[in-house]
Amino acid sequence: MTVFTSVAAVLFDLDGTLIDSAPDLGGAADQMRVQRGLPSLPLDAYRPMCGAGARGMLEVAFGITPEHADFEAMREEFFSNYQACMTQRTYAFDGVPELIHALQARGLAWGVVTNKSKRFTDPLTAAMPLFATAGAIVSGDTTPHAKPHPAPLLEAAQQLGLAPDLCLYVGDDERDIVAGHAAGMRTVAATYGYLGSKTDVAAWNAHAQIKSPLALLQLIASA
């Protein structure tokens, strides 16, 4: 088992890693279907694509891609729907509050690096007490580049006042691992989030994998 030493901070992706926002993301897209006279789809249809945000939700709901002529307008409609409901059914995954408490008890800093835009990240994290102790919250539009570019992760490390190699990055998408490697951080793939059964996580080449949030604690050497 991999055990990471010299870890001063843990950075996390947001959706699918710390929080389960699938009910609100899927609900925002499904509302669009129902308003157009289409039958509602079950949450299980949306969940595997939640990591892809609006693009994933619209693909499930309507089978359209960004190349579709109506995509931009429908994406904005989705955003409006999501903004209105994004804190209604979104919760931290089981074990996440305990994980954050344990990291703090060990004297480790923590933060969030997400591709979600500040339009959603800021009100969502402000509404959830879990994030009150985060030392950095970096959104997809905080820097000129989003993941898999390393810029957001480097920004988070800078906000924490730490060298990137002292940070661990945990995420549930291949772009998280790519960004972590590019930033010079150790990486952990979270396999409990929105991954579909066909996803080959081993191909991401993360330094480690976890099947539950609290499993991360076993990978970090105590000081």
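The values are calculated or read from the model by the stated rules, or taken from the named source; none is laboratory data. Quick caveat: nothing in here was measured; it's all calculated off a predicted structure. Every residue, glycine as well, gets a Cβ built from its backbone with ideal geometry; the counts of neighbours run over all protein chains shown.
Tabulated data for the structure shown
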quantity	calculated
Residue match in the stretch 93-116 (condition: free of Cβ contacts under 8 Å to residues at least 12 places away in the same chain, polar (S, T, N, Q) and out of contact with any Leu (no Cβ under 8 Å at 6 or more places or on another chain))	no
Any hit, the stretch 85-105, residues being more than 28 Å from Gly135 (Cβ to Cβ) and of a type in the set (A, V, I, L, M, F, W, C)	yes
Failed condition for Leu162, given (1) within 19 Å of Leu219 (Cβ to Cβ); (2) at pLDDT 95 or above; (3) surrounded by fewer than 23 Cβ atoms within 10 Å (Cβ to Cβ); (4) within 15 Å of the chain's Cα centre (by Cα)	(4)
Matching option when the condition is under 15 Å from Gly26 (Cβ atoms) and either modelled with pLDDT of 95 or more or surrounded by 20 or more Cβ atoms within 10 Å (Cβ to Cβ) (or both), among Ala105, Ala109, Ala84	Ala84
Selection within the stretch 185-199 - assigned to a loop (DSSP other than H, G, I, E, B) and surrounded by 15 or more Cβ atoms within 10 Å (Cβ to Cβ)	Met185, Thr191, Tyr192, Gly193, Tyr194, Leu195, Thr199
Any hit, the stretch 138-151, residues being modelled with pLDDT of 95 or more, touching a helix residue (DSSP H, G or I) at 6+ places or on another chain (Cβ under 8 Å) and within 20 Å of Pro23 (Cβ to Cβ)	no
Condition check for Phe71: of a type in the set (Phe, Trp, Tyr), outside the structural domain of Ala134 (by TED's automatic domain parsing) and touching a residue at least 40 places away in the same chain (Cβ under 8 Å)	no
Ala182, sole failed condition from (1) part of a helix (DSSP H, G or I); (2) touching a Phe, Trp or Tyr at 6+ places or on another chain (Cβ under 7 Å)	(2)
Enumeration of residues in the stretch 200-223 that are more than 17 Å from Leu166 (Cα to Cα), outside any helix (DSSP H, G or I) and among the small types (Gly, Ala, Ser)	Ser212
Enumeration of residues in the stretch 1-58 that are charged (D, E, K, R) and within 19 Å of the chain's Cα centre (by Cα)	Asp13, Asp15, Asp20, Asp24, Asp44, Arg47, Arg55
Exclusive hit being surrounded by fewer than 15 Cβ atoms within 10 Å (Cβ to Cβ) and either among the charged types (D, E, K, R) or modelled with pLDDT under 95 (or both), set Glu77, Glu59, Glu72	Glu72
Index of the failed condition, Ala127 passing every other in (1) touching a Gly at 6+ places or on another chain (Cβ under 7 Å); (2) surrounded by fewer than 16 Cβ atoms within 10 Å (Cβ to Cβ)	(1)
Residue list for the stretch 1-25, filter: of a type outside the set (Asp, Glu) and in a loop (DSSP other than H, G, I, E, B)	Met1, Thr2, Val3, Thr5, Ser6, Val7, Ala8, Leu14, Gly16, Thr17, Leu18, Ser21
